[in-house]
Every structure is written in C-alpha cells, then in structure tokens.
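Bear in mind these aren't lab numbers, they're just calculated from the coordinates by the rules spelled out. Because the structure is a prediction, the values reported are computed rather than measured. We place every Cβ from the backbone using ideal geometry, glycine too, and count neighbours over all the protein chains shown.
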Amino acid sequence: MRDRVTFSIGEYGVPSAKTETGHFNLLAGQLISDIIRYAPDLLMLLDKIDRVRAGESSAEEYEGNSSLFLATPDGVQVSDLEEDGDSALYTFDETRAVILQYLDFLAPSPAQKQDAVSRWEAEAGRPFPARGELGLS
C-alpha cells in the first residue's frame, strides 16, 4: 500500500484515523464516520467489492451519513457527501486491505470476528463467503 492508516479510539470513545500521505483520507473517513464501530458493516463492504469483482453485480453502493462508497469494475470510489464533493478511486485490493485493517482494529479476536460474521449472516440471510480469509471455518 502506498499509504498507511492508523486507527485509534479517541477521548469520547469515537474512532479516529490518521494516514501518512493522505491517499486513504476519504476511505478511512468513511469507515470511522459511517461504519463507526459496527464490524458487520465492514463485512458488507467486503461482500460488495467481491460481488463486483466476481462479475455478480455491475455496481454495489453503500451510502452513509458522510460518504458514498461505490464499487464498480473500475475499483471503489468514495465520494464525500459534503458540498466540496471530494472523491477518490481505490483499487479493490487496497480498499479491502484498509477495510480488513479496520476490522482487525474493531474485532481483534477470533471470537469478535465470529460475532461480526454471525451478525452479518443473520442480517444478510446467507453465509458470509469470505470466512476463510478471516481465519474462521
């Protein structure tokens, strides 16, 4: 990755992110402001990327309070919903890497990851397809 993201929890229990070069500012910003601390939504983003990558869908989006996440065959575009309308395009691999890093931050133990997967599966009504990638069977 050409940028490094460091996640932390601030004084009031609110997640924050710092990037070294700013490349991942919009993606990290969406994760901490729209996903916040709900790990199953990270799994939803991974699933959206994987569905587009596999050709099962031509586009998948997630709109939060601050940003729009749009996965297309060209990659993942994150657009700020504020007036300035900043946007950035990320590859599938770099987007997945940052999402998995945030998942490790929010759910560091196998039990916490399993809980997130179980919640995602209950909400989605189907098995989470990337269990193995998370070290779960």
> Name the residues of the stretch 4-18 whose amide N is less than 12 Å from a point 7 angstrom out from the Cα of Ser66 along the C-beta direction?
Replying inline: 14-18
>> Ranking request for peptides 84-95, 122-133: highest mean number of other beta-carbon atoms within 10 Å first, then the rest in descending order.
In response: 84-95, 122-133
> Using 1/(1 + (r/R0)^6) with R0 = 35 angstrom and r between the beta carbons of Arg131 and Glu82, what's the FRET efficiency to the nearest 0.05?
Replying inline: 0.45
>> Can you compute the FRET efficiency between Gln112 and Tyr12 using 1/(1 + (r/R0)^6), with r the Cβ-Cβ distance and R0 = 30 Å? Round to the nearest 0.05.
In response: 0.90
>> Among Gln30, Ser79, Ala107, which residue has its Cα furthest toward the positive end of the charge dipole of the chain, with +1 on Lys/Arg Cβ and -1 on Asp/Glu Cβ?
In response: Ala107
